[in-house]
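Undergrad: I'd like to ask you about the structure that follows.
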Amino acid sequence: MTPTTKTFWRNFIDGEWVDGATDERILIDNPATGEPIAEVARAMPADVDRAVAAARRSFASRALLDLPPAERGQLMFEVARHLGEMTEEIAKLECLDNGKTLANGRNDVKLTMRYLQYYGGMADKLEGRQIPLGPGVLDYTVHAPFGVSAQIVPWNGPLPVGARSVCCALITGNTVVLKSPEDSPLSLFKFAEACEKAGVPKGALNIICGYGHDAGAALVAHRDIDHIVFTGSVATGKSVLRSAAERVIPCVMELGGKSAGIVHADADLERAVKSAARGIFFHAGQICSAASRLLVHRSIYDEFVSLMVKEAEARSVGAGIEGHDMGPLISARQLDKVEGLCRVGVDEGARLATGGARLPGRKGYFMAPTVFRDVHPEMRIARDEFFGPVVVVIPFDTPEEAITIANGTDYGLAAGVFTRDLSLALWTADRLVAGQVYVNDWWVGGVETPFGGTKRSGYGREKGQEALLGYVQTKNVGIRL
Ligand code: NAD
């Protein structure tokens, strides 16, 4: 099935849809069938140069910067409006390009519109300070843009993850070169179309699709970028940071996670299980903040595991566009990785309560929703990120032990706690080392709430008012009167 009438996509540079420097193309497949659905002009380092040059010219022209902030905000509202008109098309595209369910695809568009509206509304509210220095001096601060912001996006939620960084950059007067993920680039091309229709100045936003090892690496090492926003794995993040260090480029790093949900003995069990199941099986677990480790009090452990197994086995797995609950993983490579790590878990002595392998007889990259029990916190499956629909359930005896286990990995993205005891909830939230803590439901929050990591999960924040501070630098102006 063709996702849209357009099956060949060019890169969006300097307000034009352009061929690549070479004739090479990236074949985009449907993860539910393994069949090709589109081709993309493969961006090479020469295309990166062209995109960065366009963003630099646009920044130097001050086309965005000289717009009154309120008008920059209006532009974002316009982008949101055009995007909204394409909701069904983009949602279907995300089913076919990314393996999402239709509901998830629609929600991505809605979420992206919210980002555009939220940050559009903040464009004229980012105020500096006037600092009193006594008679004869006027001193004030302004939030100045960095210049050209290089942005790298992973495959799992390209539209909202990409767009939230783009709109923060544009409303603060930066210009952008974004490299979309090579596995699922199409929704961000639709975003570029919405920006084009809305009248975002030429060159202010450039979207290219290439592989990480050449186009991505060339972008973050480019001599003419001023700022990096990287969302992806810790391993790639480290290599991006090495490039950034060479030129002392400020970075926002949104990396992986192995987020722990603590279920205390007094928790509302049914609610905790439902929420945790959504937290790990939504988008087949390909969410950085998935509830991938569950720490459950020993007194309710067996009951919790059997309810989790029921939840896993109740999910219909298949092509999202056909209305299934859970879609495929993004690629054969990711399926091999997730399945391989499950085998490690079995070898380590953990017990498979359900799942543990790909679904047989399917052409697509479908992994069975998986629950591991009798997991020890030192096992690799309790420490490494699957980025798939696999949850490990670990027993604990005391709240202190739960905190030690929860904080005992290199990651620190999200964490959760389920209990009816408010004091215990606050005690736990206080001790969890994570960028965000959810109480009695996974993913409590929204566009308005800051999101980001601690430890190897990265630094800087996206979402909420805090995010904007990652896109500006304070400039102080002192005037002798
Ligand atoms: P990845 O690190 O392999 O790739 C991410 C992006 O980096 C892709 O666009 C890729 O092309 C690019 N890339 C690869 N090598 C590069 C290089 N040397 N230089 C520059 N760019 C390069 O990650 P992935 O496997 O696509 O995504 C999954 C990871 O992303 C998971 O670890 C997940 O937790 C993380 N993630 C984090 C967040 C967050 O907000 N914290 C959100 C989504 C995903």
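The numbers here are math on the coordinates, done by the rules we state, and not lab data. What you are looking at is a predicted structure, and each value in this text was computed from that prediction instead of being measured. Using ideal geometry, Cβ is built from the backbone for each residue, glycine included, and neighbour counts are taken over all protein chains shown.
Undergrad: Using only alpha-carbon positions, what ratio does the radius of gyration of the range 1-92 give when scaled by 2.2 N^0.38 Å?
TA: 1.37
Undergrad: Right, another one. For an R0 of 51 angstrom, estimate the FRET efficiency from the Cβ-Cβ distance between ASP374 and TYR459 and round to the nearest 0.05.
TA: The formula returns an efficiency of 0.90 here.
Undergrad: Tell me, what does the Kirkwood hydrodynamic radius of the range 269-421 come to in angstroms if you use every pair of distinct C-alpha atoms?
TA: By the Kirkwood definition, the hydrodynamic radius is 15.5 Å.
Undergrad: Tell me, what HN-Hα J-couplings in whole Hz come from the Karplus equation 6.51 cos²θ - 1.76 cosθ + 1.60 at θ = phi - 60° for each residue of the range 332-345, using x for Gly and Pro?
TA: Rounded to whole hertz, the list is 4, 4, 5, 5, 4, 5, 5, 5, x, 5, 4, 4, 4, x.
Undergrad: Still on this structure, I have one more. If r is the Cβ-Cβ distance from SER233 to LEU426 and R0 is 30 Å, what FRET efficiency results, to the nearest 0.05?
TA: 0.40
Undergrad: Another one. Would you mind checking the tilt of helix 87-98 against the longest principal axis of the Cα atoms of the chain, expressed as 0 to 90 degrees and rounded to 10?
TA: 60 degrees
Undergrad: Starting from the Cα-Cα distance between GLU270 and GLU322, subtract it from 0.36 nm times their residue separation and give me the gain in nm to one decimal.
TA: Gain on stretching GLU270 to GLU322: 15.9 nm.
Undergrad: Can you give the Rg to Rh ratio for the range 172-293, taking only C-alpha atoms and Rh from Kirkwood?
TA: Looking at the range 172-293, the ratio lands at 1.09.
Undergrad: With a 10 Å Cβ neighbour count serving as the proxy for reagent exposure, in which order, fewest first, do TYR118, TYR411 appear? The partial results should precede the final answer.
TA: Numbers: TYR118 21, TYR411 28.
In order of increasing Cβ crowding within 10 Å: TYR118, TYR411.
Undergrad: Here is a further query. On a C-alpha basis, how far is the centre of the range 9-87 from the centre of the range 313-331 in Å? Whole number, if you could?
TA: Using only Cα atoms, the two centres lie 30 Å from each other.
Undergrad: Along each principal axis of its Cα atoms, how long is the chain end to end? Whole angstroms, biggest number first, please.
TA: 71, 61, 40
Undergrad: Arranged by the count of other C-beta atoms within 10 angstrom, fewest first, what order do LEU205, LEU413 take?
TA: Values: LEU205 30, LEU413 25.
The order, fewest Cβ neighbours first, is LEU413, LEU205.
Undergrad: Quick check on the range 328-450: of the DSSP beta bridges with both residues there, what percent are antiparallel, nearest 5%?
TA: 35 percent
Undergrad: With θ set to phi - 60° and the Karplus curve 6.51 cos²θ - 1.76 cosθ + 1.60, what are the ³J(HN,Hα) couplings of the range 430-443 in order, to the nearest whole Hz, using x for Gly and Pro?
TA: 5, 9, 6, 9, 7, x, 8, 10, 9, 10, 6, 6, 7, 6
Undergrad: Give me the net charge for the shell around ASP14: Cβ to Cβ below 11 angstrom, other residues only, Lys and Arg +1, Asp and Glu -1.
TA: Values: positive: ARG50, ARG56, ARG57, LYS202; negative: GLU16.
Residues close to ASP14 contribute a combined charge of +3.
Undergrad: Can you give the local net charge around GLY256? Use residues other than it whose beta-carbon is closer than 14 angstrom to its beta-carbon, Lys and Arg +1, Asp and Glu -1.
TA: Cβ neighbours under 14 Å give a net charge of +3.
Undergrad: Tell me the label-point distance for the pair GLU466, ALA357, using the 7 Å Cα-to-Cβ offset, in nm and rounded to one decimal.
TA: 4.4 nm
Undergrad: Once both axes come from the Cα atoms, what is the angle between helix 102-122 and the longest principal axis of the chain, in degrees from 0 to 90, rounded to 10?
TA: 40 degrees
Undergrad: Still on this model: Taking square-rooted eigenvalues a ≥ b ≥ c of the alpha carbon gyration tensor, is the range 139-240 rounded, prolate or oblate, where a/c under 1.5 means rounded and, failing that, a/b exceeding b/c means prolate?
TA: Taking the square roots of the gyration eigenvalues as a ≥ b ≥ c, the range 139-240 is oblate.
Undergrad: Skipping prolines and chain starts, which residues have an amide H placed within reach, meaning under 5 Å, of the one on ILE28, given they are 5 or more residues away or on another chain?
TA: Under 5 Å from the amide H of ILE28 lie the amide H atoms of ILE37, ALA38, GLU39, VAL40, each far enough along the sequence or on another chain.
Undergrad: Could you work out how far helix 186-198 tilts from the main Cα principal axis of the chain, as a 0 to 90 degree angle to the nearest 10?
TA: Helix 186-198 sits at roughly 30 degrees to that axis.
Undergrad: Below 14 angstrom from the Cβ of PRO450, what's the summed charge of the other residues (Lys, Arg +1; Asp, Glu -1)?
TA: Counting the neighbours of PRO450, the net charge comes to -1.
Undergrad: When the convex hull of the Cα atoms of the range 1-160 is projected onto a plane and the area is averaged over all directions, what value comes out in nm²?
TA: 12.2 nm²
Undergrad: Subtract the Cα-Cα distance of ASP397 and SER299 from 0.36 nm times their separation in residues, and report this length gain in nm to one decimal.
TA: Answer, rounded to one decimal: 34.5 nm.
Undergrad: Please work out the C-alpha center-to-center distance from the range 371-396 to the range 436-472 and express it in whole Å.
TA: Answer, in whole Å: 24.
Undergrad: Measure off 7 Å from each Cα along the Cα-to-Cβ vector at LEU27 and ALA60, then give the distance between these two points in nanometres to one decimal.
TA: So the two model labels end up 4.2 nm from each other.
Undergrad: Ok, one more. As an exercise, use a Förster radius of 41 Å and the Cβ-Cβ distance of LYS475 and VAL344 to find the FRET efficiency, rounded to the nearest 0.05.
TA: The computed FRET efficiency comes out at 0.20.
Undergrad: Run the quick spin-label model on GLU313 and TYR140: label points 7 Å from Cα toward the beta carbon, then report their separation in nm to one decimal.
TA: Result for the modelled spin labels: 6.8 nm.
Undergrad: Mind sorting THR354, THR398, THR101, THR175 by how few other Cβ atoms lie within 10 Å of their own Cβ, fewest first?
TA: Numbers: THR354 18, THR398 10, THR101 24, THR175 30.
Listing THR354, THR398, THR101, THR175 from fewest to most nearby Cβ atoms yields THR398, THR354, THR101, THR175.
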